[in-house]
Amino acid sequence: MLVLSFDTSSPVLTIAVGDEAGIISEIDLWLPRGHMAKLIPTVSGVLDQSHLNIQDIEVVVIGSGPGSYTGLRIGMVMARTFAQMLEVPIIGIPSLDAIAHRNAKDKSLICPVIDAKRGEVYTAFYKADNGKVNRLTEIRAITPDELANVLLIEGYGNIVFAGDSLKLYSDIIASVLGDKAEFAPEENWWPKASDLILLARPRILAGDFDELYQLTPIYVRLSQAEEMWEKRHRG
């Protein structure tokens with residue numbers, strides 16, 4: 001089945017087309033802002049590279065977060081629009097799962113760390129087993145020093161970290177974990193649409209699709225504006 005996938009949760013807009021044989025085409029653009037303006041033209045570009053048109057797509061896969069609130073909303077609305085317009089099924093894959101997949105190493109814990117603002121990171125713990133990456137914990141927001149101390153107390157050996165929070169907090173993590181911490185190269189910090197397709201394949205084969213209007217972004221917590229609104233109205 002021909003799959004269109006994309007992720008707008010990070011500063012990298014990533015879009016790919018693939019099928020059972022592999023990835024046909026992929027485009028990644030550095031876009032700290034402007035996902036809305038570039039998403040549809042970039043989808044067209046990926047399809048043109050693949051010698052396909054949008055009507056050929058049979059499944060839509062979207063990176064569901066966590067990450068940028070605005071980016072996640074844009075991506076989810078566009079993914080639903082494509083799925084509804086084409087009358088094809090849709091699958092949401094956590095963006096953290098894609099980062100973990102890209103940085104998987106046998107016998108290592110994989111720990112994506114995405115900047116959650118307010119001094120916290122979005123994270124979850126993953127382990128690779130026979131080529132499959134399994135998420136061991138729920139996705140959550142946590143301070144980097146608390147995360148590092150949890151990992152130290154739980155006694156993990158080698159831990160691979162990947163994500164944009166490393167620019168802010170790698171020193172804190174290293175100060176607690178020392179040589180147990182391994183930091184992925186920056187090019188592997190972001191979700192990739194090609195990895196979303198690979199992760200979605202078992203679900204596609206099983207016919208395990210999401211319900212169009214029940215699929216929502218993974219926010220983990222309310223935005224600061226939403227928290228302020230709730231506090232005002234509770235008061």
Are any residues in the stretch 40-64 under 18 Å from Ile91 (Cα atoms) and either touching a strand residue (DSSP E or B) at 6+ places or on another chain (Cβ under 8 Å) or of a type in the set (A, V, I, L, M, F, W, C) (or both), and if so, which ones? Val43, Ile54, Ile57, Glu58, Val59, Val60, Val61, Ile62, Gly63, Ser64
Of Asp56, Asp48, Asp115, Asp28, the only residue that is of a type in the set (Asp, Glu), within 24 Å of Lys167 (Cα to Cα), touching a Ser or Thr at 6+ places or on another chain (Cβ under 9 Å) and not assigned by TED's automatic domain parsing to the domain that holds Leu166 is Asp28
Complete set of residues in the stretch 142-196 that are aromatic (Phe, Trp, Tyr), more than 16 Å from Ala100 (Cα to Cα) and either at pLDDT 95 or above or crowded, with 21+ Cβ neighbours inside 10 Å (or both): Tyr169
Considering (1) of a type outside the set (D, E, K, R); (2) in a loop (DSSP other than H, G, I, E, B); (3) surrounded by 12 or more Cβ atoms within 10 Å (Cβ to Cβ), say which one Thr137 fails and leave the rest. (3)
In the stretch 66-95, residue nearest to Asp129 (Cα to Cα) [restricted to those that are aliphatic (A, V, I, L, M) and free of Cβ contacts under 8 Å to residues at least 60 places away in the same chain]: Val88
Does at least one position in the stretch 101-123 carry a residue that is modelled with pLDDT of 95 or more, of a type in the set (Asp, Glu), surrounded by fewer than 24 Cβ atoms within 10 Å (Cβ to Cβ) and within 24 Å of Glu211 (Cβ to Cβ)? no
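The values are calculated or read from the model by the stated rules, or taken from the named source; none is laboratory data. Here the structure is a predicted model, which is why all the values come from computation and not from measurement. Cβ: placed from backbone, ideal geometry, glycine included. Neighbour counts: every protein chain shown.
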